[in-house]
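These notes are about the structure you will find just below.
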Amino acid sequence: MTVEPPSPPESQPEPPVSDTSGPGLRIPVAAPGRAAGERTAPAASSQDESADVASVYRSVGGQPFFDDLAGRFYDRVRNDPTLLALYPDQQQLGPATRRLSMFLAQYWGGPGTYSEERGHPRLRMRHAPYRIDSGARDHWLDAMLDALDHTMGALDRQRLGLSEEDAATLDEGFRSYFRMAADHLVNADG
Ligand code: HEM
C-alpha cells in the first residue's frame, strides 16, 4: 500500500484544502473471495497495482463514514466555547455539518456534491470572515482528531475488507491531511 503525502501548500497553485479531490492515498480493497486486505501478488507493474486499489472514499465505506466524522466533529464544536464562539448563528450548525461532510467526501474521492452545491471549495477565502489564530486551530484540530479516533474506531474493518495495517494507513493519511489543512487556514496572529 502506498501513501503519498499531500504536497505542501506552497508547491501547488491551489492550496490542498481548496482542491476538489484528495491526495494519492490509495488503499487496497479486497476482491470477492480474497482475504481482507490481501493483495493479489506483489504487483508486476504499476498498472496491476492501480487495478487493485480504490479511492479512500470507497475504502472507508462511502458517505456514512464522512457523515459520522462531521457529525462527531460538530458535537465537539457544540461543547467547545472557543469554537462555538466562531459560529455566530447556531442555527447553521446542522447545515455546516453537511457542508463539511460533503467537502471531505469529495476531497477523498467521493461524489462532487459539495462543488455542485457550493462551487469551488476555496476554503481559505471561505474562512476569511472568521478569526482563526493558532489557538482556534488547535481547538479545531483537537476536536477533529478526537472525532476521527471515534469514527475510525467504529469502522467495520471486516465488512470493508481492511486489514489493521490498511486502517492505520488511512488513519495516518487523514491525520496528516487535517494537520496540514488546519495550519493552512490560520489567518490571524495569536
Ligand atoms: C483551522 C481551524 C478552523 C476553524 C476555526 C474553522 C471554522 C469554520 C467556520 C466558522 C465555518 C463556517 C461554518 C459554515 O457555515 O459552514 C467553517 C466552514 C467550513 N470549514 Fe472550517 N474551520 C477550520 C478548519 C477547517 C479545515 C481544516 C477544513 C477542511 C479540512 C474546513 C472545512 C470547512 C468547510 C468545508 C466549510 C464550509 C464551507 C462552505 O461551503 O461554506 N475547515 N469553518
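Below is a table of values for the structure above.
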| quantity | calculated |
| --- | --- |
| Over segment 61-184, relative contact order from alpha-carbon pairs under 8 Å, at least 6 apart, % | 32 percent |
| Cα centroid separation - segment 154-190 against segment 115-129, whole Å | 21 Å |
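Every number in this text was worked out from the coordinates using simple rules, so none of it is lab data. Keep in mind it's a predicted model, so treat the numbers as computed, not measured.
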